[in-house]
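Enquirer: For reference, the structure I am asking about is given below.
Taken together, the values in this text are just the output of simple stated rules run on the coordinates, not laboratory data. What you see is a predicted model, and the numbers here were worked out from it, not measured in a lab. For neighbour counting, all protein chains shown are included, and Cβ atoms are generated from backbone atoms with ideal geometry for every residue, glycine included.
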Amino acid sequence: MATYPWAAGYVDDGDRPKIVTARFEHEDSYTITRYHATEGYAGLKAALTRTPGEVHDEVRGATVLGRGGAGFPAGTKWGLMPPEKYPRYLVVNGDESEPGTYKDRLLMERDPHQLIEGCLIAAYAAGLSQVFLYIRGEMPLAHERVATALNEAYAAGYVGKNILGTDFSVDIILHWGAGAYVVGEETALIESLEGKRGEPRLKPPYFPAAIGLYGQPTIVNNVETLSNLPWLLRNGVAAYTAIGTETSPGTRMVAVSGHVARPGVFEIVNGTTTFRDLLFGDEFCQGIRDGNSLKAFVPGGGSAPWFTPEQLDVPFEGRVAGAAGSMLGSGAVMVMDDTTDIPTAALTLTRFYAHESCGQCTPCREGGTWLMRVLERVVEGQGTRADLDQLLEIGESICPGKFPHAANSALGLEATPFPYKMTTICFVGPSAYAPVHSALTHFRDEFEARVADTPARRQIPVTAVH
Amino acid sequence: MSDEINVTVNGVPHVARKGQLVIEAAADAGEYIPRFCYHERMSSVGKCRMCLVECDTGRGPAVTVSCMATVAPDMKIDTQSPTVKRMQEGVLELLLANHPLDCPVCDKGGECPLQDQAFSHGPGESRFVEEKRHFEKPIPISDLVFLDRERCILCDRCTRFADEVAGDPLIHFTSRGNSTHIATFPDEPFASYFSGNTVQICPVGALTAKPYRFKARPWDLQQEESTCTTCSVGCRVVVQSSRDEVLRYMGVDSEPVNHGWLCDRGRFSFEATKSAERVLQPLVREGDALAPAAWNVALAEAARLIGEAKAAAGAGSIAVLGGARGTNEDAFAWARLAHEVIGTTNVYAQMGDGLPVGLLGLDRATIDDAANAATVVLLSPDIKEELPVLYLRLRAAAEQRRTKIIELTPKRTGMTPYAWRHVGYQPGTQVAAVDGLLADADVAAQLATGPVVVVAGRANLAESTATTVQALRRLLDAVPGATVLPAFRRGNVVGALQVGMRPGKGGLDTRGTLQAAADGKIECLVLVGSDPLADFPDHSLATRALAGARRIIAVDTFLSASAAKADVVLAASAFAEKAGTHTNLEGRVTSLARKVTPAGVNRADWMIAAELALELGSDLGYGTVEDITADIAAKVDGYAAATPAAIAADSDGVLTAVPGAIDPMNHVEAVIGERNAYDFRLVVSRVLYDQAEGTAHSPSLAHLARGSAVHLHPLDLDRVTSTAGARVKVSTASASVVFTAVADDSVLRGTAWVPFNQPGPNVGELIDCFAAVTDVRIENV
């Protein structure tokens, strides 16, 4: 067994624990009938027999890490809400648009009830009665499936007033995004929900938990994070933490794309699985395509600094990946084999971020596009040697100080750990720079070859006038 | 004090206030942090990233947005570290990357924060060799403001101003990322009364004002601080000129008054000062025409006319109207001339369009009092139209949830959206409206929560003041301790009234004077910068009065309709041509600067008064304007503190005391007749842009007057005519005027609203200033 025609992209191979993708093997996994047949809403029922505080403690105890990118524990996040301030909201970030990431889409398309149940458990634990489900506009099937599931759930009494005969009432409101990457940033998503331009909010306040949607305490959680909760409530903390490591328990979904023999979405064991397991393991990607060799890979979505084969033994453990000079981010691995033209690859990613800049802060708006334009010239063979240093200089205006990168023994480079300083409001600006910086750090020779024949730009002397 | 927070700024200990922004704390400590988007009168947005510094609160230096972050105990603020310098250079290089660098042809060059900070904090040269961003430019975003999107650095100042301060969110960002730009809505211009402020706060040359474009370079401008006299708010401005020509006003941030903002009418009406239509020399009537004359000839003629009048029917047959357009000194000199030298008691500065002068005898509130009161009751005209910057202050108070606004007006106003309670009343029913309001338990509770300020003024020129006075009295009796902010509109009307341009014992007010003139009882009418034909609501009476007055002397800057009927016209200098002081509606005395030489051979009104006194055989004893300012401080009730030295010492001026010499207004009886159900009750009020001299002679503003039309509620309009834009005949018992009909849902049903002093049919012909209210019949033509 490997793939299912109805869940294109999902790969189910090997004997691993499955938490969020267990129902994917069924063609009708998105229906309430199938959901009921597979312990559906048992997690909610289990939760309702406990106090909200107990449910919260359970999520905290299981250290369910946020799967959106930052890897912040969900239980801790909920605890950041000021007590006694109501109303408060749960916003579900289904605006999955990080390059290379396509796991949440599968979760919404294949198991919408699991997400709804997760929302209800979170709402119960955090004491809130309104949930906003924000789904990316480019995912019509996900929208349709979640909408249908929501109608079914309302009809069955799981959502709405007095859920399952208790005092607990929740409304879930479905909202469709309008096509902006930056709205995946939680505060931009809140702005978008409020009907404003999707632009990240200024920090501080750092967390919407204090001041979020409509100025009220708000939790923003990723689809995958919430999809973990029904299983956790059904099976308990011990079962959850038995999988993975102490700091990264459970499983996580990883989307692999690029030059591997078998790209796709895999549910892997958190913390212990290494990138080597993932890219070369038989149950996963089965090595590099066409017998080529691995040149580099992006470990955590397009905005993450790149790893080279030297980092293959880094496990899916946030702190280890951070120390190695990158991040696990949204669980998207992009693989480049030795046929890859590195400057073009860097340009492709940078172009995306330059295009997706919201434009409100200067370094991202101007710097991202400038990086892209210089890279374009370099790729077209119109660049100069000075342009390469220029790229790093522009990058330093976005991220002052040392930018994280992986170790490279061939070049004698030590790793610079995550994170970085930034002059921008959110991570879009640094994301435009990350591929440029990684490519120039590890593969400067490829850029040098591109600009070798072009003459250095004539320096125009600047004379001071006093 | 628990409010003090110890920080260090670049290693130097400094005591900051709790909640203070890092950028402000650093400024207090003498460290200027460069900025573009930050503006102290608007909320912080942290978009430009120019003000990034490093702050260490114990966890190592962290990149901090100094316009967003507040100080914390023991914070180490570093504004000069290598990282900070690198970030500043980086942000500036990025800001300049797509900036056209057309400083040599840019109006802002020389006073441009981008230019200045590029020099002080920038990298010195740009490495950007790509093609720059291009937009069509400049594009007009309103009648007064042009936008150059290539120069724009997207700091969000103008858009924030439009939204937060002006309440006219008509411009915003559109598109995304590198192609983000400012735009209006399609087919909807940035038609804000406050659009000029965006030009002033723009940190680059992206927004330019039509009246100033390509007129001067900043280093050629000379400036003097002064006060805008367009309305009685008295906003502080700097008057800037080059080669003896006034070119621009800029708002000055006066904490108690205008917070740096100006309305467009005030900002751009300077064009009138240099209008080619100014009267440039005295004129004396020769038969049907006015002929130029020398000052000695004109003054002698004026003195002769006064003398003749006195001889014919005594000093009581002479009346002096006006003084509200000039300085306190002008008004005081003319008041002394009228009361002491001529000996008449018929003196008045109002043109029959305000509440009685007794309003100034009530306990006075300041603008700050109103903007910090728990409750503000507006028993006033639309202050957005008449006192625009007061509107900004009160709007801010309401938006920032400091103040609840209760509004009683005969039609919806610019303030209505911000009002906690709005009561629309039919003219003549103010008292019932106040009674109804006071009977509301919520309102009573609100009025008891804290200070109450009543903004009182005349909301309708087509009804007598009696009911409004009654209603105000009722309100003040019901709310003990409430203070009044008098919503007198005209420039220095409060100053003129307080220093003496008001009737003496038994004297006539304007209405009485004009009635007497119409009856042939006025031998000499002196118009000191006043134009009854344009400004007195009852146009018929004004016309008869000017025809009936035997002799007319006009002191004016322009040959107004009334001045054209004078026997002698004494050419007066205008705003920015004369020094002096101004009293705003709260009684604040501020300085007025002389920036340019007067047009022609014109003289200040006070000089004319002094000269005329000499011709009449008396000496007022004034050699300089300071003599009069000192004399006002010595003699005028409430002005003791307003000495020349005190006024010069404080840009915010000196607050005068409530004059005890003015009796507080009292209860007056008003009888409102029965109303015919077919009739509409007429409401006439002013809007910002009208045919006032300052506006009509400023080319940039003149065309903004909306034109005379009768506005009816859409359902009423259906009753009268089938089509909007149709011509309708509006009739009273004695007159009828044909207007265009306009559907306007801000007008109450059963009333008809006509803006006053607009181009087109004259609504003044329908107004009888002796009638309690004006009911009109409206018929399809």
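Enquirer: Let's test the formula: R0 of 22 Å, r as the Cβ-Cβ distance of B:ARG675 and B:GLU765. What FRET efficiency results, to the nearest 0.05?
Expert: Numbers: r = 21 Å, r/R0 = 0.97.
My answer for the efficiency is 0.55.
Enquirer: Could you please rank A:VAL237, B:VAL499, B:VAL53, B:VAL423, placing first whichever residue has the fewest other Cβ atoms within 10 Å of its Cβ? Show your work: numbers first, answer last.
Expert: Values: A:VAL237 18, B:VAL499 32, B:VAL53 28, B:VAL423 21.
Listing A:VAL237, B:VAL499, B:VAL53, B:VAL423 from fewest to most nearby Cβ atoms yields A:VAL237, B:VAL423, B:VAL53, B:VAL499.
Enquirer: If you bin the C-alpha pair distances of the range A:1-145 every 10 Å from 0, what whole percents do you get?
Expert: All Cα pairs, binned at 10 Å, distribute as 10, 36, 38, 14, 1, 0 percent.
Enquirer: Then there's this: Could you work out, residue by residue across A:398-411, how many beta carbons of other chains sit within 10 Å of that residue's beta carbon, and then give the average as an integer? List each step's numbers first, then the result.
Expert: Numbers: counts 5, 3, 10, 5, 0, 0, 0, 0, 0, 0, 0, 0, 0, 0.
If you average over the peptide's residues, the count of other-chain Cβ atoms is 2.
Enquirer: Using mean Cβ contacts within 10 Å as the protection proxy, how do B:737-743, B:341-347 order, highest first?
Expert: Numbers: B:737-743: 19.0, B:341-347: 23.1.
So the peptides B:737-743, B:341-347, ranked by packing, come out B:341-347, B:737-743.
Enquirer: Taking beta carbons within 10 Å but only from partner chains, what does the mean come to for residues B:93-102? The partial results should precede the final answer.
Expert: Numbers: counts 7, 14, 4, 1, 9, 4, 1, 0, 0, 0.
Across B:93-102, the average partner-chain Cβ count within 10 Å equals 4.
Enquirer: I need the peptides B:726-735, B:171-180 ranked by packing, meaning the mean over residues of other C-beta atoms within 10 angstrom, with the highest value on top. Walk me through the intermediate numbers first.
Expert: On the way: B:726-735: 15.9, B:171-180: 18.0.
Result, highest mean first: B:171-180, B:726-735.
Enquirer: Once Rh is set to the Kirkwood radius over Cα pairs, what Stokes-Einstein translational diffusion coefficient, in µm²/s, holds for chain A at a temperature of 10 °C and a viscosity of 1.306 mPa s?
Expert: On the way: Rh = 23.0 Å.
It diffuses with D of about 69 µm²/s by this estimate.
Enquirer: Which FRET efficiency value, to the nearest 0.05, is calculated for A:LYS196 and B:ALA661 with the Förster distance at 60 angstrom and r the Cβ-Cβ distance?
Expert: Working: r = 55 Å, r/R0 = 0.92.
E(calc), rounded to 0.05, equals 0.60.
Enquirer: Output the antiparallel fraction of DSSP beta bridges having both residues in the range B:523-661, as a percent to the nearest 5. Kindly include the intermediate steps, with their values, before the conclusion.
Expert: Numbers: 6 of 16 bridges.
Counting only bridges with both partners in the range B:523-661, antiparallel ones make up about 40 percent.
Enquirer: Moving on to the next point. Count charges around B:ASN492 for me, please; just the other residues with Cβ under 14 Å from its Cβ, Lys/Arg as +1, Asp/Glu as -1. Don't jump to the answer; show the numbers that get you there.
Expert: Values: positive: B:ARG325, B:ARG489, B:ARG490, B:ARG502, B:LYS578, B:ARG588; negative: B:GLU329, B:ASP330, B:GLU586, B:ASP605.
Combined, the nearby Lys, Arg, Asp and Glu give +2.
Enquirer: By how many degrees, 0 to 90 and rounded to 10, does the Cα axis of helix A:385-398 deviate from the longest principal axis of chain A?
Expert: Long axis of A:385-398 versus the principal axis of chain A: about 40 degrees.
Enquirer: Could you tell me how far the Cα centroid of the range B:257-322 sits from the Cα centroid of the range A:194-257, in Å?
Expert: Centre-to-centre distance over Cα atoms comes out at 76 Å.
Enquirer: Now a separate question. Percent antiparallel among DSSP beta bridges with both residues in chain A, to the nearest 5?
Expert: 45
Enquirer: Can you pull the mean other chain C-beta count within 10 Å for peptide A:421-430?
Expert: Working: counts 7, 4, 12, 2, 6, 0, 0, 1, 1, 0.
That works out to 3 on average.
Enquirer: If you take the square roots of the eigenvalues of the alpha-carbon gyration tensor of the protein assembly as shown and sort them as a ≥ b ≥ c, do you get rounded (a/c under 1.5), prolate (a/b over b/c) or oblate? Don't skip to the end; give the middle numbers.
Expert: On the way: a/c = 2.78, a/b = 1.97, b/c = 1.41.
It comes out prolate by the Cα gyration axes.
Enquirer: Another one. May I ask you to list the lysines whose Cα is less than 26 Å away from that of B:LYS384, ignoring any residue fewer than eight positions away on the same chain?
Expert: Of all the lysines, those that pass the test against B:LYS384 - Cα under 26 Å, at least 8 places apart if same chain - are B:LYS210, B:LYS404, B:LYS411.
Enquirer: Can you put A:TYR154, B:TYR193, A:TYR86 in order of Cβ neighbours within 10 angstrom, beginning with the fewest? Please list the in-between numbers first.
Expert: Values: A:TYR154 15, B:TYR193 23, A:TYR86 11.
The most exposed by this proxy come first: A:TYR86, A:TYR154, B:TYR193.
Enquirer: Now a separate question. Counting each DSSP H run of 4 or more residues in chain A as -39500 (n - 2.57), what helix-only mean residue ellipticity at 222 nm follows after dividing by all residues, to the nearest 500 deg cm²/dmol? The partial results should precede the final answer.
Expert: Values: 17 runs with 170 residues, N = 466.
Calculated from helices alone, the mean residue ellipticity at 222 nm is -10500 deg cm²/dmol.
Enquirer: Sort the range B:357-486 into rounded, prolate or oblate with this rule: let a ≥ b ≥ c be the square roots of the eigenvalues of the Cα gyration tensor; rounded if a/c is under 1.5, and if a/c is not under 1.5, prolate when a/b is larger than b/c, oblate otherwise. Show your work: numbers first, answer last.
Expert: Values: a/c = 1.27, a/b = 1.15, b/c = 1.11.
It comes out rounded by the Cα gyration axes.
Enquirer: Ok, one more. Which is the longest run of chain B containing none of the GluC sites (Glu not before Pro) found in DSSP loop states (not H, G, I, E, B) with at most 12 other C-beta atoms within 10 Å?
Expert: B:278-668
Enquirer: Same structure again: Among all the lysines, which ones have a C-alpha under 26 Å from B:LYS215's C-alpha, if same-chain residues fewer than 8 places away are not counted?
Expert: Qualifying lysines at Cα under 26 Å: B:LYS108, B:LYS137, B:LYS274, B:LYS578, B:LYS595.
Enquirer: Can you give the FRET efficiency for B:THR449 and A:ALA452, using 1/(1 + (r/R0)^6), R0 = 56 Å, r = Cβ-Cβ distance, to the nearest 0.05? Working shown, then result.
Expert: Details: r = 78 Å, r/R0 = 1.39.
Efficiency, from the Cβ-Cβ distance: 0.10.
Enquirer: For A:HIS405, what charge total do you get from the other residues with a beta carbon under 14 Å from its beta carbon, if Lys and Arg give +1 and Asp and Glu give -1?
Expert: So the environment of A:HIS405 carries a net charge of -1.
Enquirer: Let me ask something else about it. For the range B:149-198, what value does the Rg/Rh ratio take when both radii are computed over Cα atoms and Rh is the Kirkwood radius, given to two decimals? Please report the intermediate quantities before stating the final value.
Expert: On the way: Rg = 10.6 Å, Rh = 11.2 Å.
In the range B:149-198, Rg relative to Rh is 0.95.
Enquirer: Helices from chain B with mean Kyte-Doolittle at least 0.0 and a Cα length along the axis of 24 Å or more, per DSSP H: which?
Expert: On the way: long enough: B:295-313 (27 Å, 0.55).
Helix filter hits for chain B: B:295-313.
Enquirer: Measuring from centroid to centroid over Cα atoms, what is the spacing of the range B:443-510 and the range A:24-98 in Å?
Expert: 62
Enquirer: Something else about it: State the extension gain, in nm to one decimal, for the chain segment bounded by B:GLU131 and B:ASP637, taking 0.36 nm per residue of separation less the distance between their alpha-carbons.
Expert: Numbers: separation 506, 0.36 × 506 = 182.16 nm, distance 6.78 nm.
Fully extending the segment from B:GLU131 to B:ASP637 adds 175.4 nm.
Enquirer: Determine the shape class of the range A:60-164: with a ≥ b ≥ c the square roots of the Cα gyration tensor eigenvalues, call it rounded for a/c under 1.5, and otherwise prolate if a/b is greater than b/c, oblate otherwise. Please report the intermediate quantities before stating the final value.
Expert: Details: a/c = 1.95, a/b = 1.11, b/c = 1.75.
Judged from the Cα gyration tensor, the range A:60-164 comes out oblate (a/c at least 1.5, b/c at or above a/b).
Enquirer: Let me ask something additional. May I ask you to compute the full-extension gain from B:ARG401 to B:GLU111, defined as 0.36 nm times their residue separation minus their alpha-carbon distance, rounded to one decimal in nm? Let's see the in-between values first.
Expert: Working: separation 290, 0.36 × 290 = 104.40 nm, distance 3.58 nm.
That works out to 100.8 nm of additional length.
Enquirer: Follow-up question, since we're still on this one. Give the average over all directions of the projected area of the C-alpha convex hull of the range B:680-780, one decimal, in nm².
Expert: Details: hull surface 25.9 nm².
The orientation-averaged projected area of the Cα hull of the range B:680-780 comes to 6.5 nm².
Enquirer: Measure out, as a whole number of angstrom, how far apart the alpha-carbon centroids of the range B:75-126 and the range B:15-58 sit.
Expert: What the calculation gives is 17 Å, centre to centre.
Enquirer: Return the calculated 222 nm mean residue ellipticity for chain B, to the nearest 500 deg cm²/dmol, obtained by summing -39500 (n - 2.57) across DSSP H runs with n ≥ 4 and dividing by the residue count. Don't jump to the answer; show the numbers that get you there.
Expert: Details: 24 runs with 200 residues, N = 781.
When only DSSP H runs of four or more count, the value is -7000 deg cm²/dmol.
Enquirer: Further question on the same structure: Among the lysines in the range A:22-241, how many pairs, 8 or more places apart or on different chains, have alpha carbons under 28 Å apart?
Expert: Total qualifying Lys-Lys pairs in the range A:22-241 comes to 13.
Enquirer: Using only the Cα atoms of the range B:81-220, what semi-axes does the equivalent ellipsoid have when each is the square root of 5 times a gyration tensor eigenvalue? Give whole Å, largest first. Don't skip to the end; give the middle numbers.
Expert: Details: eigenvalues 134, 60, 43 Å².
Its equivalent ellipsoid spans semi-axes of 26, 17, 15 Å.
Enquirer: Less than 25 Å apart at the alpha-carbon level, and either on another chain or at least 8 residues along: which lysines does that give for B:LYS521?
Expert: B:LYS310, B:LYS505, B:LYS565
Enquirer: Neighbour counts of other C-beta atoms within 10 Å: give me B:LEU570, A:LEU232 arranged from fewest to most. If you can, show how the numbers build up before the last one.
Expert: Working: B:LEU570 31, A:LEU232 26.
Ranked by crowding around the Cβ, least crowded first: A:LEU232, B:LEU570.
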